[in-house]
1. What full-extension length gain, to one decimal in nm, is calculated for E116 and F18 as 0.36 nm per residue of separation minus the Cα-Cα distance?
2. On the Cα set of the chain, report Rg and Dmax in Å, please.
3. Full-extension gain between A91 and R50, please, as 0.36 nm times their residue separation minus the C-alpha to C-alpha distance.
4. In the stretch 24-98, carbon and sulfur make up what percent of the accessible area (probe 1.4 Å)?
5. At 222 nm, what helix-only mean residue ellipticity would the chain give, in deg cm²/dmol to the nearest 500, using -39500 (n - 2.57) for each DSSP H run of four or more?
6. Separation of the stretch 24-43 and the stretch 50-93 by C-alpha centroid, Å?
7. About its Cα centre, what dipole magnitude does the stretch 62-120 give when the only charges are +1 on Lys and Arg Cβ and -1 on Asp and Glu Cβ, stated in debye to the nearest 20?
8. If you count only protein heavy atoms with a 1.4 Å probe, what accessible area per residue comes out for the chain, rounded to a whole Å²?
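The values are calculated or read from the model by the stated rules, or taken from the named source; none is laboratory data. Note that the structure is predicted; figures quoted are calculated from it, not measured. Quick reminder, even Gly has a Cβ in these numbers, built from the backbone with ideal geometry, and neighbours come from all protein chains shown. For the accessible areas, the whole protein counts, side chains as well, though only heavy atoms, and no ligand, DNA or RNA atoms are used. Shrake-Rupley method; radii C 1.70, N 1.55, O 1.52, S 1.80 Å.
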Amino acid sequence: MPVDNDLAVLSFETALQFVGDADFFVEISEMLLEELPEQMGLLNTHWENRDLTNLYKTAHRLKGNFGVVAAEQAHAAAKTLERVAKEGDEAASEAAVAELTEAVDTVVPVLISHIEAARA
């Protein structure tokens, strides 16, 4: 499952509509980036253990986090993983973990760039 390139990596304007202002966007984004290594580590551990129940739970949390900052590709990838893990589809979960990992690798530098711009 490739990342859906028709979706925005991150829509700063949409994120501001969700959170209200740039300062709060920065605060939320920094918290997301701080938690992200642990969350992705859990995601990978759950996948390695074929623990689809906890894979679903971690994907659900990531979906919410990426939704708040309007990281559309990562949100969509987490949503897909959440669905296929909940359905118990191991093959689809493997592809969805890869898709989410790719989306996270893409969104992190964009998120950092928006944080820096909002602080300027």
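1. 33.4 nm
2. Over the chain's Cα set, Rg and Dmax evaluate to 14.0, 46 Å.
3. Here the answer is 13.7 nm.
4. The nonpolar share, carbon plus sulfur, comes to 49 percent.
5. -27500 deg cm²/dmol
6. Using only Cα atoms to place each centre, the spacing works out to 15 Å.
7. 340
8. Each residue of the chain exposes 53 Å² on average to a 1.4 Å probe.
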